[in-house]
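Asks: Below are the structure tokens for one structure; questions will follow.
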Amino acid sequence: MAVEITNDNYQALLAGDKPVVMDFWAPWCGPCRMVSPLVDELAAEYEGRVVVGKCNVDENDDVAASYGIRNIPTIIFFKDGKQVAKQVGSTTKAVLAAKIEALL
């Protein structure tokens, strides 16, 4: 299951020793609802190796603003606390998995 990313915990997650994948989404976003199950599957598959989380942009606007999120879904990939890749819009599980593999 994906971790809930909030204004309060995102910096601590990035400071951890694992790569982080942040899915920026909102409940009213159709493409977000298409990507959400893929993110959950990847969270389960990479559990213990990568932190995969979801950030509701309506409830956590500080996080979204800090990364300049203008379109959702946007998925940002971090390694050693630094952004290394980004995926904007809906995509396939294979594309997301390849970006996660590049973090490891």
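Asks: Highest GNM mean-square fluctuation, the chain, Cα pairs closer than 10 Å: which of 65, 26, 85?
Replies: 65
Asks: Hey, any idea what % of the chain's accessible area is carbon plus sulfur with a 1.4 Å probe?
Replies: In the chain, the share of accessible area belonging to carbon and sulfur is 52 percent.
Asks: Right, another one. So in the chain, what percent of DSSP beta bridges are antiparallel if you round to the nearest 5?
Replies: Among the beta bridges of the chain, antiparallel pairing accounts for roughly 60 percent.
Asks: Now for a separate question. So, taking all protein chains as they sit and a 1.4 Å probe, how much accessible area belongs to residue 75, in Å² rounded to tens?
Replies: It works out to around 10 Å².
Asks: Would you tell me the accessible area of residue 84, worked out with a 1.4 angstrom probe on the heavy atoms of the protein chains, in Å² to the nearest 10?
Replies: Approximately 90 Å² for this residue.
Asks: Considering only DSSP states other than H, G, I, E and B, which GluC sites (Glu not before Pro) in the range 15-66 qualify as loop sites with at most 16 other Cβ atoms within 10 Å? Present the calculation step by step, with values, prior to reporting the outcome.
Replies: Working: sites: 41, 45, 47, 59; in loops: 47, 59.
The qualifying sites are 47, 59.
Asks: So, one more: With a probe of 1.4 Å, find how much accessible area the chain has per residue, and write the answer as a whole number in Å².
Replies: 52 Å²
Asks: Let me ask something else. With Rg and the Kirkwood Rh both taken from Cα atoms, where does Rg over Rh land for the chain?
Replies: My calculation puts Rg/Rh at 0.91.
Asks: Among 37, 27, 19, which one shows the highest mean-square fluctuation when the chain is modelled as a Gaussian network with alpha-carbon springs under 10 Å?
Replies: Fluctuation is largest for 27.
Asks: Under a Cβ-Cβ cut-off of 15 Å, what is the net charge of the residues other than residue 49 that fall near it, where Lys and Arg count +1 and Asp and Glu count -1?
Replies: Once positives and negatives cancel, what remains is -3.
The values are calculated or read from the model by the stated rules, or taken from the named source; none is laboratory data. Just so it is clear, the structure is predicted and the values come from calculations on it, not from any experiment. All Cβ positions, glycine included, derive from the backbone under ideal geometry; neighbour counts span all protein chains shown. The protein model used for the area step is the full one, side chains on, heavy atoms only, and it has no ligands, DNA or RNA in it. Shrake-Rupley method; radii C 1.70, N 1.55, O 1.52, S 1.80 Å.
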